[in-house]
Amino acid sequence: MYQTLEHVLPSNRKAVDEYLFHPSFWRIELLLRSTRSVNSKILSDLELLKITESYQRYEEERLDANLNDVAYELDTTATVSLITGAGRIERYVFPLIYLLLRRHLQVMRLACKHVLDTEEFVTLNESLVSILLAVDQRIESLEAIFKQTHLDVQARLGNFAFGIFQLSYGDIKRIPADNSYATWTNPEGESSSTLVELEDDAKVLATGIPKDIVKYGIQDGYSVTNYYEFDKPTPGVSREFSQIEGTWSGYYQREFGGSLASCILRVSIRLASQPKITGKGEDFAGAFEFVGLAQSYQTYLGFTFIVEDEEEGTTRTCTGRLDKASNTITAQWKTAGKSGCQDEPGEPFMLQRTPPNLLRYKYTQQQYAEDPIRSRWAFACSAALHQAQATLWSRRFFEERFRERKRYVELTTRDLIVQMGLTPQVPLTQVERGELEYLRQELDPSEARFYQALSDFEIQKLPWHPTRNGHLHTHALVRIRDTVLPAAEISHNEQYLALERRLDALEKKFSEEFAMLEARENERFTALEAQVDARLNGLESRIEARLQGLEVVLKQIAAQTAALPAVYGQVGREYVKSPPQRTLVQTLYDNGIMFIIVMSMFTFSTLNLALGLVRIIQSYEQNIIGSGANEQLGDLWINLVKPLCIYLETVIADTVVVSHIIQAIPQERSLMANTEQSLLLRIQVSIVMDLTLVFTEIYMQRAPRILAKDA
């Protein structure tokens, strides 16, 4: 059984721990320890051994058949006598315990694969207790007989039936150091870990074991109540009674854990046969079904139904009335115990047609009295948003539900540990208790009941170590896997060694988990760096390709511009040499108009160069600042020196041309020659300056990137 314990499902762990720590096993150990072995000389008789084995098989088959008839459930000592038949209990106690433990082991193996009811192992302990009660009755009868002739009854019991009852008489003390379970060895010579070595998969333990051996059945699924069947009205029901059919919800208070808890109650009612009603209901603590009666009056519809709780042995009666005008139900609970005494009626509560999952957005009576329109509009908007998010599977909606579930399970688990008297305890603060009360009033009863089941499951998963009365602790210990022994029974060195081994195991576990986490993080960072490098390389390639294309276009423009002087010169010479144009130019020159035209052309050209220079300077400055090249070149050189040099070059070129024309005016030279030379000189200077500015812009765009790359 202890070898199978490590393979038990977490949901069955609490029940199995309680079963193995039950005092009945301690009493069985006393019977085993006090029983003496048979003399070896008796076992040397082969004929006697054959007769003994034949009798043993016969009795085992008989007892097994009788136990099958009662499903291996011994509820009283009378049932034990019925199973054993005529004869004293000392003849059948060990075979009976063996057969029961064999069946219990099968149930434990089923617990390795399936979820069992928590009451399953309680029933198993009751069967063992019934056998031990029969043993106690036998000891009492022997005590009455032995006291007539002997003063020392315990010594006399030591000589009766191989001393089986000697240690079970008198003041029984539990001495863990004398526990004979720890000294047991397999007589066939197999190691104690054979079961674990041969059956690595825990589910293999349950192979071949019928599921009908458990009393309460398999509990692998979570029971969900179907309330959609109440949406459709029952055909053939009168109109006055049809108003009560359907689902109702509201807030009410119920007793839970020794205190009153406020939560949402859902009740679904259907008319079975007028005026009989049936229905289902639920809150966070559980679901129930009911049967009752309804009666119609002039202004309201009264009803009464009864809910029986078999586990607690109580009967709850709900009496209510449906107001036909407002379509609301006012109800009240009354609870009666096993003895039939009636408790005081509970507080009245109100039920409405609002769906339970939207009740959290419902306005209060005070809010409705202050502003009815605002209250209804706020409820309609919140309810519509809730239903839309739920229908569309909104991420925010599910995140909020996940947060509520985790918080509810955490707070409820801590509260259950305190209620059940477990150790260690972390009681809820006043703020946390208010938060738990708020969650119970906000959550849909189906969701709250599911979360409550998760909290119970968390309690079931805890390693369970019940303690004995009068020993070291007063509460059952959870969240540890080491069996607690009194400190006086083990040495300090053993305690230190056990603690050191446990710390080493924890350190090894944490180091492995941190190593795995670090490896995963390194893989993620490596993949991220590779992705970033690939994207940067692609971006740099695209920029380089665009710049190269721009450079090719600019070179084509420069080549075309270089051919312009010859074209312009040829056109100018042909134009000036023609007689009408020569006369016009001579006339304009004589009147001073030619000078004004030339100066205007120079001014317009200079303005064009200045505007182009401004555009180039702006592009140049943006490229410099964006690439970080200003740190290498300096802000003063970028913003002042370089633009000033280009501007001075442009002014000097225009000044040379203007001065050349002015010097030619007072001189008596050929007007045609001077005009032709001046125009050609200005065109050449302009082309040279344009090319200079173009190549300067190309350099300014590429120089910062080159400087930044070198830096």
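The values are calculated or read from the model by the stated rules, or taken from the named source; none is laboratory data. Not measured: the values here are computed from a predicted model. When we count neighbours, we look across all protein chains shown, and the Cβ atoms used for this are built from the backbone with ideal geometry, even at glycine. Note: areas computed on protein heavy atoms with side chains; ligands, DNA, RNA excluded. Shrake-Rupley method; radii C 1.70, N 1.55, O 1.52, S 1.80 Å.
Using a 1.4 Å probe and counting only protein heavy atoms, arrange Tyr216, Tyr98 so the residue with the most accessible area comes first.
Details: Tyr216 90, Tyr98 120 Å².
Largest to smallest exposure gives the sequence Tyr98, Tyr216.
Can you tally the net charge around Phe397? Count Lys and Arg as +1, Asp and Glu as -1, for every other residue whose Cβ sits under 15 Å from the Cβ of Phe397.
On the way: positive: Arg360, Arg395, Arg396, Arg401, Arg403, Arg405; negative: Glu399, Glu400, Glu404, Glu442, Asp444, Glu447.
Here the charged neighbours net out to 0.
Using the per-residue mean of other Cβ atoms lying within 10 Å as a proxy for protection, in what order, highest first, do the peptides 105-118, 40-53, 414-427 fall? Walk me through the intermediate numbers first.
Working: 105-118: 20.7, 40-53: 9.9, 414-427: 14.5.
Per-residue Cβ counts within 10 Å, averaged per peptide and sorted highest first, yield 105-118, 414-427, 40-53.
Which pairs, out of Lys14/Lys215; Lys113/Lys508; Lys113/Lys215; Lys14/Lys211; Lys113/Lys280, put more than 24 Å between their alpha-carbon atoms? Walk me through the numbers on the way to the answer.
Values: Lys14/Lys215 18 Å; Lys113/Lys508 30 Å; Lys113/Lys215 17 Å; Lys14/Lys211 20 Å; Lys113/Lys280 32 Å.
From Lys14/Lys215; Lys113/Lys508; Lys113/Lys215; Lys14/Lys211; Lys113/Lys280, over 24 Å: Lys113/Lys508; Lys113/Lys280.
At a threshold of 8 angstrom on Cα-Cα distance, excluding pairs fewer than six apart, so keeping six or more, what relative contact order does the range 350-455 reach in percent?
30 percent
Could you order Ser37, Ser394 so the one with the most accessible surface comes first? Probe is 1.4 Å.
On the way: Ser37 105, Ser394 30 Å².
So the residues, ranked largest to smallest area, are Ser37, Ser394.
Enumerate the calculated ³J(HN,Hα) couplings along the range 114-126 in order (Karplus 6.51 cos²θ - 1.76 cosθ + 1.60, θ = phi - 60°), each rounded to whole Hz, writing x wherever the residue is Gly or Pro.
For the range 114-126, the Karplus curve yields 10, 7, 10, 5, 5, 7, 5, 6, 5, 5, 5, 5, 5 Hz.
Given the whole protein assembly as supplied and a 1.4 Å probe, what does the accessible area of Leu101 come to in Å², nearest 10?
40 Å²
Sorted by mean Cβ packing within 10 Å, highest first, what order do the peptides 362-368, 268-274, 127-133 take?
Values: 362-368: 13.1, 268-274: 17.3, 127-133: 20.1.
Ranked from most to least packed, the peptides come out as 127-133, 268-274, 362-368.
The range 493-553 to the range 244-307: how many Å between their Cα centroids?
58 Å
So for each of 513-526, 400-413 I average, over its residues, the number of other beta carbons within 10 Å; can you give me the resulting order with the highest mean first?
Details: 513-526: 10.0, 400-413: 15.9.
Ranked from most to least packed, the peptides come out as 400-413, 513-526.
Using a 7 Å offset from the Cα along the Cα-to-Cβ direction at both Thr278 and Gln137, what is the distance between the two label points in nm, to one decimal?
Going by the 7 Å Cα→Cβ label model, 4.3 nm.
Can you give the extra length, in nm with one decimal, that the chain gains between Val552 and Lys334 once fully stretched, where that is 0.36 nm per residue apart less the Cα-Cα distance?
Working: separation 218, 0.36 × 218 = 78.48 nm, distance 9.59 nm.
Computed gain between Val552 and Lys334 is 68.9 nm.
Calculate one ³J(HN,Hα) per residue across the range 274-279 by plugging θ = phi - 60° into the Karplus curve 6.51 cos²θ - 1.76 cosθ + 1.60, and present them in order as whole Hz with x for glycine and proline.
3, x, 7, 10, 10, x
Please list 3J(HN,Hα) in residue order for the range 439-450, calculated via the Karplus relation 6.51 cos²θ - 1.76 cosθ + 1.60 where θ = phi - 60°; whole Hz, with x for glycine and proline.
Here the 3J(HN,Hα) series is 5, 5, 7, 9, 6, 4, x, 5, 5, 5, 5, 5 Hz.
If Cys381, Cys263 are ordered by their accessible area, calculated over protein heavy atoms with a 1.4 Å probe, which sequence runs from highest to lowest? Spell out each step's value before the answer.
Values: Cys381 60, Cys263 0 Å².
Result of the area sort, largest leading: Cys381, Cys263.
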